[in-house]
Structure formats: C-alpha cells, structure tokens
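The values are calculated or read from the model by the stated rules, or taken from the named source; none is laboratory data. Since the model is a prediction, treat every value here as computed from it, not as a measurement. Counting neighbours? That spans all protein chains shown, and the Cβs are built from the backbone with ideal geometry, glycine included.
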Amino acid sequence: MEDTNNHLDVEKKSERSETVDLNDNTLQVDISDALSEREKVKFTVHTKTTLKDFVKQDFSVVRQHEEFIWLHDRFEENESYAGYIIPPPPPRPDFDSSREKLQKLGEGEGSMTAEEFKKMKQELEAEYLATFKKTVAMHEVFLCRLANHPVFRADTNFRVFLEYEQDLSVRGKNKKEKLETFLRSFSKTTDEILLGSTQKDVDEFFDKEKNFLLDYHSLLKDATLRADKMTKAHKDVADHFIKISSCLLEMATADTNQLERFATKAADIFEKARKIENRVSTDEDLKLSDTLRYYMRDTTAAKNLLYRRLRCLADYEAANRALEKARAKNKDVHAAEWSQHQACEKFEQMSAKGKEELMDFKVRRVAAFKKNLVELCELELKHANTKAKTRDLDALKQELEIDDHKVPIAELYRRLNSNPDTSYVLYVSLTDIKKREIISSTSRFKVQLVFVVC
C-alpha cells in the first residue's frame with residue numbers, strides 16, 4: 001500500500017509540474033457539478049487558465065444545454081472556421097425513458113414481490129444515474145475539444161461562455177425557427193448531393209477522404225445499432241435474473257426441508273450473475289456504444305468540412321468562369337479579378353487547414369478507439385473470470401455436501417428416518433472412512449449417492 005501511495009503521489013506531483021510548465025497557454029475546462037431540475041440540467045463549468053485574455057485564473061459558471069448548443073451554432077456560422085472540423089454538439093439530456101420505466105414499475109408494484117420490486121427499482125435508479133453521468137461527460141468532452149484546439153480556444157464567444165457569470169439568455173428554438181433550420185438542412189443536403197455528383201475534386205487526398213468517410217460513417221452507424229442491441233440483451237438477461245432469483249427464494253421459503261439450502265444458494269448465484277450482467281452492459285455501453293456513437297457524430301462533422309470545401313471549390317471555379325466572361329466582354333474586369341482572387345485564397349486556405357484537421361482527426365480517432373477497446377477487453381476478461389467463479393458447480397456441490405464432518409451420522413440417520421418417502425442426493429467423499437456404514441444404512445431409503453473425488 002505504501003508503494004502504491006508513493007506512486008500516486010509521484011503522479012500527482014508530475015501532473016502539477018506539467019501544469020506549471022504550460023503556464024503561458026494553459027486552459028483547463030471541466031464540469032465540476034451538475035444538477036437536474038425537472039426538464040433541465042444545470043452544469044457547473046469550471047475553468048483554470050493562465051491565458052491573459054481572461055480576467056481571472058480560476059472561475060466557475062452555471063450553464064444549461066441550450067447554451068452549449070448556442071456556442072456550437074456560433075462556431076458553425078463563423079466563416080473563419082469553415083476549414084476546421086467543428087466538434088459535434090452534446091446530445092440533449094434525455095431522462096424520459098428512465099422516468100417512464102420508473103412510472104411503469106410503480107404501477108406494477110402489486111404484481112411482484114417486495115424483494116423483486118426493490119431490485120428492479122435499484123436497477124432503474126442505477127440506469128438513471130448512468131445516463132446522467134454520460135450526459136455530463138458528453139458536455140465536458142465538447143468543451144475540452146474546444147479548449148484544446150489552438151484556434152477555437154481563442155474564440156470570443158467561447159470566452160464569453162466560460163467567463164460571463166450571468167445567464168446568457170439563450171432560449172430554445174420556436175416552431176418557426178425549427179422549420180427554418182429544417183429547410184436549411186434540407187437545402188444543404190440537396191446541394192451536397194448535387195455537388196457530389198457534378199463537382200469533381202481536384203485534390204486526390206480529399207477525394208479519398210470523402211469516399212472513406214462515407215463508408216466509415218455507414219459502418220459506424222451499423223456497428224452502433226448492433227452494439228446497442230448487445231447491451232440491451234445483457235440488460236434484459238440481468239432483469240430476468242431478478243425474477244429467477246425471487247422465485248428461487250420463494251421456493252426456499254415454501255420447501256424448508258429438502259430445497260431450502262439449495263434454492264437459497266442458487267438464488268444467491270443468480271443475484272451475483274445479475275450484478276455481473278449489469279456491469280457488462282454498462283461497460284459495453286460506455287466503452288463501445290458511446291465511442292461508436294460519438295465518432296459517428298464526429299465523422300458527420302468531418303463530412304461537413306469536406307462539403308464546405310467542395311462548395312468553396314465550386315465557388316472558385318464559378319469565379320474563374322466569371323472572370324473569363326468579364327475579360328471577353330472587357331467589362332467589370334477589376335471586380336471579377338478581385339472576386340476570383342478572394343475565392344482562390346479562401347479555397348487554398350481551407351484546403352490547407354482541412355488537410356491538417358483530417359489528419360488530426362485520424363490520429364485522435366485511432367487513439368480513442370485503441371484506448372476504449374483495450375479497456376473494454378480488460379473489463380470483459382475481468383467479468384468473465386468473475387462469472388466463471390460465480391457459476392462454479394463444483395464449489396456449489398462442496399458447499400452443499402453433507403458429510404460426517406458437517407453433519408453427525410446420528411443426525412443424518414434422524415433426518416432420513418423422519419422423511420423416509422423423500423428422495424435425497426447425498427454427496428460423499430471417496431476418502432470417507434464411514435462410507436460403508438452410510439451405504440449400508442441408507443440402502444432402505446430413497447438416497448442417490450454421489451461420490452466426490454478429493
């Protein structure tokens with residue numbers, strides 16, 4: 001323990017020394033607390049920085065989900081960031097499913113035992129807590145992506161989001177605004193399809209990236225659906241184990257002579273298996289499903305970058321054609337040249353930035369999948385070992401074994417004589433010196449002898 005504590009102390013000291021070394025450009029953002037109030041979740045965003053643009057070095061503000069979406073939209077609308085992969089916005093907090101399950105559980109309380117109801121309620125509360133933690137984590141990841149980006153971290157709106165102590169007065173979109181957003185999205189999708197079929201990319205790198213991202217996004221979507229089905233299957237198995245365990249406990253209560261000990265032990269095994277299945281489901285959801293789901297959204301953000309660049313290329317070629325027409329007519333040549341120069345400069349800058357962003361996206365994606373999949377494999381092995389120990393039948397037999405060390409011979413005879421018509425299974429060690437006496441004594445009873453090799 002002392003070596004472990006010393007190791008942790010060294011790690012903490014090294015982390016502090018690294019923070020001091022970065023004192024010229026440090027910006028650390030995390031969500032230190034979160035509070036759920038009815039339909040809203042309030043996040044406490046904590047910031048530590050040594051950047052001179054900020055008034056304080058350590059401060060916290062309270063933000064809601066709508067304000068995170070507002071910040072993302074400001075980055076999307078800024079033409080200066082057209083050549084960058086803008087981090088995907090965090091998903092809206094959704095606790096409706098957990099609330100509905102709790103409500104249905106309350107309505108069906110009369111149709112289940114008290115023990116079964118208690119376990120089901122604990123499961124749903126744990127599910128609600130896991131959803132809440134995931135929601136907080138997704139919002140924190142969004143802010144950390146912005147804070148770690150060399151360009152996004154200097155954005156004025158981002159600084160206002162982190163530093164302004166008052167409410168940003170951001171409201172949700174009304175029906176008209178939602179309709180406008182839908183129409184813009186539809187127009188963009190249509191334009192993207194037309195550009196994809198009519199506009200040929202002059203750069204082979206971006207053409208390959210486009211084809212890769214299209215296939216990759218489709219595979220991620222399919223993998224996410226399958227991973228969700230897998231985690232749900234584990235969760236369903238855990239829920240059924242609750243019912244099996246409860247039934248076995250009822251059997252133990254009803255049959256106190258022959259099955260009490262066995263049924264109680266079997267119920268305990270199913271209860272342990274339930275906990276393992278729940279942990280497996282939670283870990284697979286966190287390490288696999290959430291990773292797939294996040295990078296599906298991040299891949300969409302990368303596709304949006306390629307669309308903006310392709311649109312910029314189309315505008316550049318249109319400016320070239322307009323310049324040729326102006327020169328042919330010898331009219332507005334200067335204005336056409338200026339427009340062509342601006343379009344060319346914008347396209348070249350976007351291509352250079354976009355190439356860097358896509359290469360960084362690949363490195364980040366590979367590192368994230370490697371980390372999460374390795375951790376998932378380690379957890380799966382851990383759960384498999386625990387599950388194997390839980391379901392060890394030999395250990396169960398040993399615990400239920402009746403021998404002369406646990407039950408005196410006289411007591412064994414008394415039990416057999418008190419219930420002569422009942423069938424028994426008796427586990428006897430082959431090294432037992434009294435096995436002959438047991439065999440001869442139990443021959444007139446309905447006893448099945450099972451000899452165990454020690």
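Scanning region 83-98 for residues that are assigned to a helix (DSSP H, G or I) and touching a Phe, Trp or Tyr at 6+ places or on another chain (Cβ under 8 Å) yields one hit, 98. It is to be established whether one or more residues within region 233-255 are free of Cβ contacts under 8 Å to residues at least 12 places away in the same chain and within 24 Å of residue 296 (Cα to Cα). Scanning region 233-255, I find at least one residue that is free of Cβ contacts under 8 Å to residues at least 12 places away in the same chain and within 24 Å of residue 296 (Cα to Cα), so the answer is yes. Checked against the criterion of being surrounded by fewer than 16 Cβ atoms within 10 Å (Cβ to Cβ) and of a type in the set (Gly, Ala, Ser), the candidates 233, 273, 252, 267 yield just one match: 233.
Note on region 127-173: residues that are modelled with pLDDT of 90 or more and among the acidic types (Asp, Glu) total 3. Taking the numbered list (1) surrounded by 15 or more Cβ atoms within 10 Å (Cβ to Cβ); (2) of a type in the set (A, V, I, L, M, F, W, C); (3) farther than 24 Å from residue 282 by Cβ; (4) in contact (Cβ under 8 Å) with a residue 24 or more places away in the chain in turn, residue 376 passes all entries but (3).
Just one of the numbered conditions (1) over 21 Å from residue 117 (Cβ atoms); (2) without any contact (Cβ under 8 Å) to a residue 24 or more places away in the chain; (3) among the small types (Gly, Ala, Ser) is not true of residue 301: (2). In the set 56, 119, 52, only one residue is assigned to a loop (DSSP other than H, G, I, E, B) and in contact (Cβ under 8 Å) with a residue 60 or more places away in the chain; that residue is 56.
Filter region 58-103 for residues that are among the small types (Gly, Ala, Ser), exposed (fewer than 13 other Cβ atoms within 10 Å of the Cβ) and within 26 Å of residue 356 (Cβ to Cβ) and give the result.
The answer is 80, and nothing else.
What do you reckon, is residue 68 closer than 18 Å to residue 150 by Cβ, assigned to a helix (DSSP H, G or I) and in contact (Cβ under 8 Å) with a residue 60 or more places away in the chain? Taking the combined requirement at face value, the residue does not satisfy it. If you check 41, 45, which single one turns out to be at pLDDT 90 or above and either touching a helix residue (DSSP H, G or I) at 6+ places or on another chain (Cβ under 7 Å) or on the phi > 0 side of the Ramachandran plot (or both)? Answer to the check: 45.
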